[in-house]
Amino acid sequence: MTAQNGEASLTASDITDSSALVHGLTAEEIRTLTAKCIEAKAAAYCPYSLFRVGSALLTHSGSYISGANVENASYPVGSCAERVAMGSAVFAGHRRGDFRAIAVATDAPEPSSPCGMCRQFLREFCGGTSRL
Ligand SMILES: [Zn+2]
């Protein structure tokens, strides 16, 4: 990890094959997941919190599906990036057990944990073996 302009980010050299194996993924899969969830932040609609979140899923078939948070003036009506990505995946035909990993990126310097609603939502489709 490195910090640039107050923002933590992974660099390619931070991800090695041995560190990736801890997550059950290859270094290339982690690099791609990282790039895709960081890229997804650009699509966030967050005029209320100004807290951009991007997410990327990796399926067993090798597909990557991204999402970003979509807020609403009525706070609970908005959707987190994790649920947007999973909803897109389900809409594309993926089902429970199809997912190997999910990655989440924010602009915060420290990692952010998915909220309780997202944990429940992801549990429905990922079971207990997908990596976060
Ligand atoms: Zn959430």
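The values are calculated or read from the model by the stated rules, or taken from the named source; none is laboratory data. Note that the structure is predicted; figures quoted are calculated from it, not measured. Counting neighbours? That spans all protein chains shown, and the Cβs are built from the backbone with ideal geometry, glycine included.
Summary of values
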item	result
Subset of region 104-132 that is at pLDDT 95 or above and among the small types (Gly, Ala, Ser) - its residue that is farthest from Gly67 (Cα to Cα)	Ala108
Matching strands (runs of 3 or more DSSP E) fully within region 24-132 where at least 3 residues are of a type outside the set (A, V, I, L, M, F, W, C)	53-59, 64-68
Any hit, region 114-124, residues being more than 12 Å from the ligand (Cβ to nearest atom) and touching an Asp or Glu at 6+ places or on another chain (Cβ under 9 Å)	no
Any hit, region 88-97, residues being within 14 Å of the ligand (Cβ to nearest atom) and farther than 18 Å from His23 by Cα	no
In region 59-78, the residues that are crowded, with 21+ Cβ neighbours inside 10 Å and either under 19 Å from Asp107 (Cα atoms) or within 14 Å of the ligand (Cβ to nearest atom) (or both)	Ser66, Gly67, Ala68, Asn69
